[in-house]
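The values are calculated or read from the model by the stated rules, or taken from the named source; none is laboratory data. Keep in mind that this is a model prediction, so the values were computed, not measured. FYI the Cβ positions are ideal-geometry reconstructions off the backbone, even for glycines, and counts take in every protein chain you see. We work out accessible area using only protein heavy atoms, side chains counted, and drop any ligands, DNA or RNA first. Shrake-Rupley method; radii C 1.70, N 1.55, O 1.52, S 1.80 Å.
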Amino acid sequence: MGTTYKCCLIFKRRFHARDAPPPEDVRALFSLHAGGGPHMGADGLRRYLDATGGHHQVDDSEVERLLEQIRLQQHQGHRARLPRLARPPLALDDFHRYLFSHDLNPPLRHPAQVHHDMTRPLSHYFIYTGHNSYLTGNQLSSDCSDVPIIKALQRGVRVIELDMWPNSTKDDINILHGRTLTTPVSLIKCLISIKEYAFVASPYPVIITLEDHLPSELQEKVAKMVLEVFGDILYYPPGSDHLKEFPSPEQLKGRVLLSTKPPKEYLEAKADDTMKEGDADLHLGKGANDDAAWGKEVPDFQTEIQSAKKHDDDAPVHQRDDDDDDDEEEEEQQMQPHIAPQYKHLITIRAGKPKGSLADALKSDPEKVRRLSLSEQQLAKVAEDHATEIVRFTQRNILRIYPKGTRVTSSNYNPFIGWVHGAQMVAFNMQGYGRALWLMHGFYKANGGCGYVKKPDFLMQTEPQVFDPTEPQPVKKTLKVKVYMGDGWRMDFKQTHFDQYSPPDFYTRVGIAGVPADSVMKKTRAIEDNWMPVWEEEFSFPLTVPEIALLRVEVHEYDMSEKDDFGGQTVLPVSELRPGIRAVALFDRKGNKYNNVKLLMRFEFA
């Protein structure tokens, strides 16, 4: 009788990380500014900084400080500084490390500095705006909390939305998404958190948009709460008249403002409008997992505009924002016995829509300014035939765009449909995540991340004519992007995160988000089995509206048999890119910065 032997062979590739040498372009730059020698001193570094255009009038002290930072980075882990006389000039590898440092060589001009003119009226700015800011997850059954409000303010969001409803005993105010299964949080808790975190990320004003479902006695209670919590930092205009022009962000530094419709009588929710227990799963539907949320590509908003006329928003009433429910508003106004005068007095940015069509609502009143709210679908419908009227309206008034009611998973839409029409408050579900939200985060990296971005001049012009978003524009400039290499995954990920038996196969997607004519995505080849991939590929992007265009960057790991793995992303405002070779830090799906993952890229404008 024979003996059977089983033999199991496991082939495992090495996880050895191969350090890549400096790219040829980096070598050429070093040689040029080092005068062809093996080392670069202060004079050579100054010549490089002057040549890249990223610094102006660099003096000796600035160059010395930068050299010191480069050397400290070179000797991380060593507390003692080198004696001044012993400080060596920079070698090629030192120069390469400097270029590959996001802290020392970031991709944006003025990364932490407000540099736009902040003295114009609020209507001249795009404002970082949240939608249903109190929700921790989906729109139907998640918890309501002050935690997502705090996170939004820490990120720099300047507009916080609160939906106010009477509590079960009708003697206090809850914040929740009405007629759903969301669990409430108290108004006072939200207000206290807003005050505490309002200005941690930006000194510029925080606007609280209130969706009001309260009777007048509770409106008076809201007024007392707001005055008690905010005190002197609450801004409201003297007298009871409407504002003729909005104040500027500079005038409103460190202040909190309220924005809502005029007070109205609260009506009991009808029984058939109330969300039934167990309905949430039906409405959430399939594909609501994390991968579906981040992996879905942002649709072309021109297609959305064209299809909006064919498909009305048929969402159930419990899925609609009350701004979209004109019939109910009219009924409430008729039944209103009186209004709360103190509450009304505290409203700085008054919202509302005149009777008539959407086109009528876009007519400006020279004697007063206001806020108009439209759903993304309403905007798409009216934009088809009234694009210039929308732009003209937003030159003095504020337009708020909010997600359609069917976005129950807290997904978002293409924000450019609002921005290209001058809408200041493009409201997003900040508690979700995905490519649309990445665009929102990237857009507000501009102007020092203060949450206010001054609208480009073409959206404010009236002569020779108002800007028409539907008209094709000529190419104004071309952005050339070169992707050299990437690094940092070996520090931020486990060795087996991307592949059980081999190093990852990374490729990069690079493109533009903006108007339809500018929007495109391209990609590099995949580099096999390397934690420090080198691509050295260049792409060219002609831009017709560069003022609001965004550069999109994503890294993925190629998987032959399964879905490609996510390796990082970032979105950068094209208008603030620094020409030259820069280090570009990458972020995770939720918009949190990785500790080490970054790309070395070059930006050029022609």
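Miscellaneous remarks
- Figure legend. Inter-residue proximity from the range 84-95: first residues within 13 Å of R27 (Cα to Cα), second residues modelled with pLDDT under 85 and surrounded by 13 or more Cβ atoms within 10 Å (Cβ to Cβ), beta-carbon distance below 7 Å, spacing 6+ or different chains. Indicated pairs: D94/Q74.
- Residues that are at pLDDT 95 or above, basic (K, R) and open to solvent by 10 Å² or more (accessible area, probe 1.4 Å) were ranked within the range 529-587; the one that is farthest from S502 (Cα to Cα) is R578.
- In the set S61, S31, only one residue is polar (S, T, N, Q), modelled with pLDDT of 90 or more and over 26 Å from G488 (Cβ atoms); that residue is S31.
- Scanning the range 150-168 for residues being of a type outside the set (G, A, S) and open to solvent by 10 Å² or more (accessible area, probe 1.4 Å) gives a total of 7.
- Residue within the range 276-297 that is at pLDDT below 95 and closer than 27 Å to R371 by Cβ present: no
- When the strands (runs of 3 or more DSSP E) confined to the range 479-561 are screened for residues that are without any contact (Cβ under 8 Å) to a residue 40 or more places away in the chain and charged (D, E, K, R), those reaching at least 2 such residues are found at 520-523.
- Against the conditions (1) open to solvent by 20 Å² or more (accessible area, probe 1.4 Å); (2) under 23 Å from K261 (Cα atoms); (3) modelled with pLDDT of 95 or more, I207 satisfies every one except (1).
- Output for the range 97-145, where each listed residue is of a type in the set (F, W, Y) and not in a loop (DSSP other than H, G, I, E, B): Y98, Y125, F126
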